[in-house]
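Here's the structure, in structure tokens; my notes come after.
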Amino acid sequence: MTDSSKQTPPRPGRRRAIQLMKQGRNLPATAEAVKASVSSAFRWWQSYRQKGMNGIRPRPAPGRPARLSL
């Protein structure tokens, strides 16, 4: 029940990581270039390969939304 107009775009670091890996850069070098862990870069790459650009969009944080208290 997600509205595609309300989805957040992929973060720039994730897009850049995908771009670098598509150009042939290895995983550790890509992770260093975008200042992320190797495991994060690997997870983004796997998700991109399975789902395309929608796979690297940030997912909503689980749990109850924060309340502002005054």
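Structure notes:
- Residue in the range 43-59 that is modelled with pLDDT under 95, surrounded by 10 or more Cβ atoms within 10 Å (Cβ to Cβ) and of a type in the set (Val, Ile, Thr) present: yes
- Any hit, the range 15-32, residues being in a loop (DSSP other than H, G, I, E, B) and touching a residue at least 12 places away in the same chain (Cβ under 8 Å): no
- Meets criteria (of a type in the set (A, V, I, L, M) and closer than 14 Å to residue 13 by Cα) for residue 41: yes
- Matching residues, the range 16-42, being of a type in the set (S, T, N, Q) and open to solvent by less than 100 Å² (accessible area, probe 1.4 Å): 19, 26, 30, 37, 39, 40
- The set of residues in the range 38-70 being in a loop (DSSP other than H, G, I, E, B) and of a type in the set (Ser, Thr, Tyr) consists of 69 alone.
- For the range 38-57, a residue qualifies if it is touching a residue at least 40 places away in the same chain (Cβ under 8 Å) and within 15 Å of residue 22 (Cβ to Cβ), and the qualifying residues are 53, 56.
The values are calculated or read from the model by the stated rules, or taken from the named source; none is laboratory data. Values in this document were obtained by computation on a predicted structure and should not be read as measured data. Because the Cβ atoms are built from the backbone with ideal geometry, glycine has one as well, and the counts that use them run over all protein chains shown. In case anyone asks, the SASA skips ligands and DNA or RNA and just uses the protein heavy atoms, side chains included. Shrake-Rupley method; radii C 1.70, N 1.55, O 1.52, S 1.80 Å.
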